[in-house]
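*Asks:* Sharing a structure with you now.
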Amino acid sequence: MAVNQELVGRAFPPTAPYLVGREKVREFARAVFADAPQHTDVDAARAAGFDDVVAPPTFAMVIQDQTLQQLLAEPDSGIVLARTIHAEQKFTYSRPIVAGDELTGRLSVTGIRMMGGNAMITSAAEIVDAAGEHVVTATSVLLVGAEEGAE
């Protein structure tokens with residue numbers, strides 16, 4: 001089954017709210033070698049003007065992953081995980097993610113480009129806080145390889 005090009009324009013329901021925990025931010029910062037003190041030290045974060053520790057920029061992937069799982073679960077998508085790689089990622093922030101934020105993501109498929117039987121699927125996850133205010137847009141490109149023998 002080829003990637004369903006009718007996915008373009010499809011929007012998914014908002015994810016369940018995700019409460020950003022202080023320890024999750026610290027763990028993520030260690031995992032990605034983000035060593036700025038505002039990622040792990042509450043006092044340093046407050047001195048920089050934040051209410052709590054600040055997540056590294058790529059932390060938005062935690063919420064975006066929830067949205068991408070919706071896309072991957074679509075029975076008519078034609079996306080085969082075994083032939084899929086994460087090809088590109090971009091974040092556009094309105095403000096940093098801070099421990100204590102309650103975030104919700106909503107994914108929409110913004111484009112599909114076919115290349116020799118392969119499909120490049122671009123999607124954007126709009127991530128908002130509990131007040132509905134924009135925090136970050138996480139844009140990704142998934143590359144789905146062609147089926148063997150297909151071109």
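The values are calculated or read from the model by the stated rules, or taken from the named source; none is laboratory data. Worth saying up front: this structure is predicted, and the values here are computed from it rather than measured. Note that each Cβ is placed from the backbone with ideal geometry, even for glycine, and that neighbours are counted across all protein chains shown. SASA here: full protein model, heavy atoms, side chains in, ligands and nucleic acids out. Shrake-Rupley method; radii C 1.70, N 1.55, O 1.52, S 1.80 Å.
*Asks:* Please state the charge dipole magnitude for region 1-116, taken about the Cα centre, from unit charges on C-beta atoms (+1 on K and R, -1 on D and E), reported in debye and rounded to the nearest 20.
*Replies:* I would put it at about 280 debye.
*Asks:* Averaged over all directions, how much area does the convex hull of the C-alpha atoms of region 24-64 cover when projected, in nm²? Working shown, then result.
*Replies:* Numbers: hull surface 10.6 nm².
For region 24-64, averaging the hull's shadow over all directions gives 2.7 nm².
*Asks:* Carbon and sulfur together cover what percent of the accessible area of the chain at a 1.4 Å probe radius?
*Replies:* Heavy-atom surface of the chain belonging to carbon and sulfur, 1.4 Å probe: 54 percent.
*Asks:* Let me check I have the definition right: for region 1-86, take the eigenvalues of the Cα gyration tensor, multiply each by 5, take square roots. What are those semi-axes in whole Å, largest first?
*Replies:* Working from the Cα gyration tensor, I get semi-axes of 35, 14, 9 Å.
*Asks:* Once fully extended, how much extra length lies between Ala44 and Thr110, figured as 0.36 nm per residue of separation less the alpha-carbon to alpha-carbon distance?
*Replies:* 19.9 nm
*Asks:* What are the ³J(HN,Hα) values, in whole Hz, obtained from phi via the Karplus relation 6.51 cos²θ - 1.76 cosθ + 1.60 with θ = phi - 60°, for each residue of region 128-138 in sequence order, with x given for Gly and Pro?
*Replies:* Here the 3J(HN,Hα) series is 10, 8, 4, 8, x, 7, 4, 10, 7, 10, 9 Hz.
*Asks:* Gain in length, Leu143 to Val32, computed as 0.36 nm per residue apart minus the alpha-carbon separation, to one decimal in nm?
*Replies:* Difference between extended and current length: 37.6 nm.
*Asks:* For region 104-151, what does the accessible surface come to per residue with a 1.4 Å probe? Please give it in Å². Walk me through the numbers before you get to the answer.
*Replies:* Numbers: 2150 Å² over 48 residues.
Accessible area per residue: 45 Å².
*Asks:* In whole angstrom, note down how far apart the Cα centers of region 33-48 and region 57-130 are.
*Replies:* With region 33-48 and region 57-130 each reduced to a Cα centre, they are spaced 27 Å.
*Asks:* Moving on to the next point. For Met1 and Leu81 in the same chain, what is the full-extension length gain: residue separation times 0.36 nm, less their Cα-Cα distance, in nm?
*Replies:* 27.5 nm
*Asks:* If you don't mind, there's one more thing I want to ask. Could you tell me whether region 67-134 comes out rounded, prolate or oblate from its Cα gyration tensor? Rule is a ≥ b ≥ c as square roots of the eigenvalues, rounded for a/c under 1.5, then prolate if a/b exceeds b/c, otherwise oblate.
*Replies:* Details: a/c = 2.71, a/b = 2.12, b/c = 1.28.
Prolate is the answer for region 67-134, as a/c is 1.5 or above and a/b outweighs b/c.
*Asks:* Select from Gln5, Pro56, Leu72 the residue farthest towards the positive end of the dipole of region 2-73; place +1 on Cβ of Lys and Arg, -1 on Cβ of Asp and Glu, and compute about the Cα centre.
*Replies:* Farthest towards the positive end: Gln5.
*Asks:* Let me ask another. Using a Gaussian network model of the chain with C-alpha springs under 10 Å, which one of Val32, Val135, Val62 is most mobile by mean-square fluctuation?
*Replies:* Fluctuation is largest for Val32.
*Asks:* Could you work out how far helix 60-72 tilts from the main Cα principal axis of the chain, as a 0 to 90 degree angle to the nearest 10?
*Replies:* 20 degrees
*Asks:* Compute the helix-to-body angle for 22-31: its Cα long axis versus the longest principal axis of the chain, expressed 0 to 90° and rounded to tens.
*Replies:* 60 degrees
*Asks:* State whether the chain is rounded, prolate or oblate according to the following rule on the C-alpha gyration tensor (a ≥ b ≥ c being the square roots of its eigenvalues): a/c under 1.5 gives rounded; otherwise a/b larger than b/c gives prolate, and the remaining case gives oblate.
*Replies:* Numbers: a/c = 2.97, a/b = 2.13, b/c = 1.39.
Because a/c hits 1.5 or more and a/b exceeds b/c, the chain counts as prolate.
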